[in-house]
1. Please verify whether A:I295 is more than 7 Å from every other protein chain (Cβ to nearest Cβ), of a type in the set (A, V, I, L, M, F, W, C) and either without any contact (Cβ under 8 Å) to a residue 60 or more places away in the chain or in contact with a strand residue (DSSP E or B) (Cβ under 8 Å, 6 or more places away or on another chain) (or both), treating the condition exactly as stated.
2. Among the listed residues B:P509, B:P486, which satisfies the condition of being under 22 Å from B:Q281 (Cβ atoms) and out of contact with any Ser or Thr (no Cβ under 8 Å at 6 or more places or on another chain)?
3. Quick one: would you say A:S300 is touching a Leu at 6+ places or on another chain (Cβ under 9 Å) and not β-branched (V, I, T)?
4. For the list (1) at pLDDT below 95; (2) buried (at least 19 other Cβ atoms within 10 Å of the Cβ); (3) not β-branched (V, I, T), I need the number of the one condition that A:A118 fails.
5. How many residues are within 14 Å of chain A (Cβ to nearest Cβ) and either charged (D, E, K, R) or assigned to a loop (DSSP other than H, G, I, E, B) (or both) when one looks only at segment B:106-162?
6. With respect to B:Y309, determine if the residue is hydroxyl-bearing (S, T, Y) and either assigned to a helix (DSSP H, G or I) or at positive phi (or both).
7. Looking for something within 14 Å of another protein chain (Cβ to nearest Cβ), modelled with pLDDT of 95 or more, farther than 30 Å from A:V239 by Cα and assigned to a helix (DSSP H, G or I) - is there at least one such residue anywhere in segment A:77-87?
8. Taking segment B:493-542, which residues are in a loop (DSSP other than H, G, I, E, B), aliphatic (A, V, I, L, M) and under 25 Å from the mean Cα position of the chain (by Cα)?
Amino acid sequence: MNSHGLMPAAVLAAALLLTVTLLLPGAGAEDKERGKLWLEFSGGCQGLDPADLNSAVDADDRIQYLRYDHYLQALQDSGQIRSWSATAEGGRRRITAGWLLEPRLRYRLGASLSLSAAVRVQRGGGTRDLFFEFSRERNDGELYVETLAFNPYRLSVQSYWPNFGIHFRRPMGRRFCAEVHAAAGPLFADVSYGSAWTYAWDMRGSDYIWPVFRDAGERSEKGTGSGFGLELGARLERVLGRRLAIFLEGGYAWQRVNSLSGSGRETRAEETETWSGKWVNRGETIVTPWETLAIRFPTSRPQAGADDGPFRLDLSGWQLRAGVSWRL
Amino acid sequence: MKRKTILFLGLIMVCLCLAPVFLAAADPPLNDQAGFMAIEPVTFYFHYGSYFERLLLKSSRARIWYSFLCADQDRSETPLFVFFNGGPGSATSCGLMSMYTGRYTLDNQEANGGDHYIANPVSWTRFGHLLYIDARQAGFSYNIMERDEDVNERLREFNAQNFNSFFDAADFIRLLLRFLAAQSQLQGRPVVIVGESYGGTRATAMLHILLNYTDYSNGRETFQDPALVDEIQAHYDAVFPEYAGRTVPASVIARQFGRQVLVQPTVTMGYQSALAEEMLQQPGSILYRIGIEVGIPYDPGRYPDQFEYVHDVAGRDLYIYTRPSDWLSGFFDNAGLRLRTVGNLSRVTGVEARTIGELYASSRHAAYRVIDANSPWAYAYETDSPLTRALFEVPARLESVGGLDEPGDITDVFGALQPWDRFFIGSNANANWAFHVCNVALARGYDIHYQEPRYGRMFLKNLAHVRTFITNAALDLVVYTAALPPALARHSDILASVRHERRGPEARPGRIVLEYLPGAFAELPTLTSRTIRFPLYNHSCHAVSLTQPLDLFADVGAWLQETDGGNDLSGGEHE
């Protein structure tokens, strides 16, 4: 699932929905609502920036720059190669938005007050295929061509938020109702990070291509954890009949998981290493002859003496949902 | 009387019954040995500080050739000498083993060493036990792979997973420790490392790993080989039981691995090469004298490549500039030819070669030695230096003469091999190419090439605990040892001064005195100075044991008798 650019599209869709609902004929909002139980179903999008999780993308990008772009430039600057070039298809992307779905059951206590129970499923990030090629021309004219492919590169988060809400409702004329609400509940989240990659190095001359090295590997890390979520929001509802309404709901959700644990697995050089542990925000300093790079990235692999900080999965953000409501 | 007789007979019976138990507990007698040590595929990695961004490699299965000669007299402290040549990719069997160290040798008075091995008047078996090792894919050593019939698969075998300076050293350590474990009476003996040429880098890496072994699995060093570290710890647990299960301090380890004899070594070769070039360009240098002798004056402007001038223009041997080109290669090649006669091989090793199972074609179905089945010549050497050509092109071409029909009776005795296999390769150009060029660790930017300054730093740190003898052969241009003292001085972050003392009481005097900067190595706070024995061999080529065998034997013998060479070898480390 590609979540990039999700928010503008969702806002546009919501605006269209709102326009359509304004044009539809409807029953009166004030006195035609029926039933004490309402079943609602909504879906939408959320702005996300799980910084600690996204640091995986930053670290992978910066390491690749260090390993290839910056290294090759250093070789060229020092006269060890004649030139170099790089091509890329695709790129790693941070998680900046997510989809969400929520079934909700509401109990109407009075004309303006109701309580609700719901489960919100949220998902952000996904998988992408990436391909990079780095070519360096040696001073003797021979080409080294290195290709690095990720099929796929994966970074995703999914959360389940059972929540209990309270809703204050106020009719706005015959067709519309406005509402504010607050909801809170425990948050359960899963994260997944990893890739399957291949690396190839060819030596190329005027009359030969030598496939001198091949490598491949996989890395997969999964984590689960629980936390707490709180949302404050507002809603505009269009009543379509005695039992049916559609609505647009928005708000800000504070959602944070302070501790994740899980398992990991890495396969390289025909050997597989597995581990399990608590997710941490690990700091590493990569010291090469051409550059020193400090990075932080998330992992669950235990490592003695590592510079580990706490890992927090922060799924807070603005949310926008559209839905339909049935009065039972 | 009868009772006494019964008692006496009973006593004899008890003794007879217990005798096997006591005999079994005693060490088996030491005999000369030769054969192969199996090295399993090993997973190791290089890193620059990031675990997930490491370059993880898995080596191929190897059968490493070794030959062990017993000391003339074995006492409790008789040391074990471990010999190896360099290259990398060059065989010890046709190098040090055939040149005045073992019981038999080529004859330095005959062209190319003569047509048979002669008794060596200065066998180092007088000093101790001798262990000769051929590096992976050099000499008799061979690798084993799957799909050995696929040329592209063979091509990929000659890369960093099998050939780099650290894993090469790890191979030698593995073989040495396993050999020591198999000879219980030798396990704790002092070991003297004897390395020639690139063997200086190998000795440096070996000793650094052995002395600082935990750093090779805890992430401190660029090269990480956890399985090797476990093996080293197990060895130290046996040899230093008072430290069982704990990290053994380097000063304690040096009781066993505390001496090295380096023959024309590369120890900080990047600086050695640069300094040698500078020194040889100076007016009045050897190159100008060669120019006068051959009537083709040396002109740095016209001949920017000094080796090209000496080898191609002046027609002189780079390893001994007073001789014609490829004079020394003739000895190596001749040894390689002679050793492929089974009788010679048996004589030199002291072992009936026909009893060595892994030599038979029937036991090496998946063995390979070269990429191109038709030639041991590596790809892509056309643009390389005259030095590389002298090192590998000439021997490789010589060895390719006759293709698969190897000289001697070795094929008749052991059977015909696959086209990509060889019984013996004196200098494996494919392996050398993998060390220097076709190496993914180098391509990915790991500074592990033997010309990198890291080896000089490692060598200088080793000196804190390791007594060192280095030859200074006057006629060698490949490793121009006159450049060694100033090359060491280039490590100005470690050394305050380097002094080459040319005078002394010995027949062949010479010492390098190193003054360390305070705190040059954090864990060696009291390390202040070290002295390297550095005798001058006025008439010697690169292979000092060949051209001045009596002198080298005498000097090493005298050096072995010295207690500590004026050095406090505790290293001043924190324990």
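1. Judged against the criteria, A:I295 is a match.
2. None of the others qualify; the one that does is B:P486.
3. Taking the combined requirement at face value, the residue satisfies it.
4. Among (1) at pLDDT below 95; (2) buried (at least 19 other Cβ atoms within 10 Å of the Cβ); (3) not β-branched (V, I, T), the lone unmet condition for A:A118 is (1).
5. Matching residues across segment B:106-162 total 13.
6. Yes, satisfied.
7. Among the residues of segment A:77-87, at least one is within 14 Å of another protein chain (Cβ to nearest Cβ), modelled with pLDDT of 95 or more, farther than 30 Å from A:V239 by Cα and assigned to a helix (DSSP H, G or I), which makes the answer yes.
8. None - no residue of segment B:493-542 is in a loop (DSSP other than H, G, I, E, B), aliphatic (A, V, I, L, M) and under 25 Å from the mean Cα position of the chain (by Cα), so the list stays empty.
The values are calculated or read from the model by the stated rules, or taken from the named source; none is laboratory data. Just so you know, these numbers come straight off a predicted model, no measurement behind them. Cβ coordinates were reconstructed from backbone atoms using ideal geometry, including for glycine residues, and neighbour counts include every protein chain displayed.
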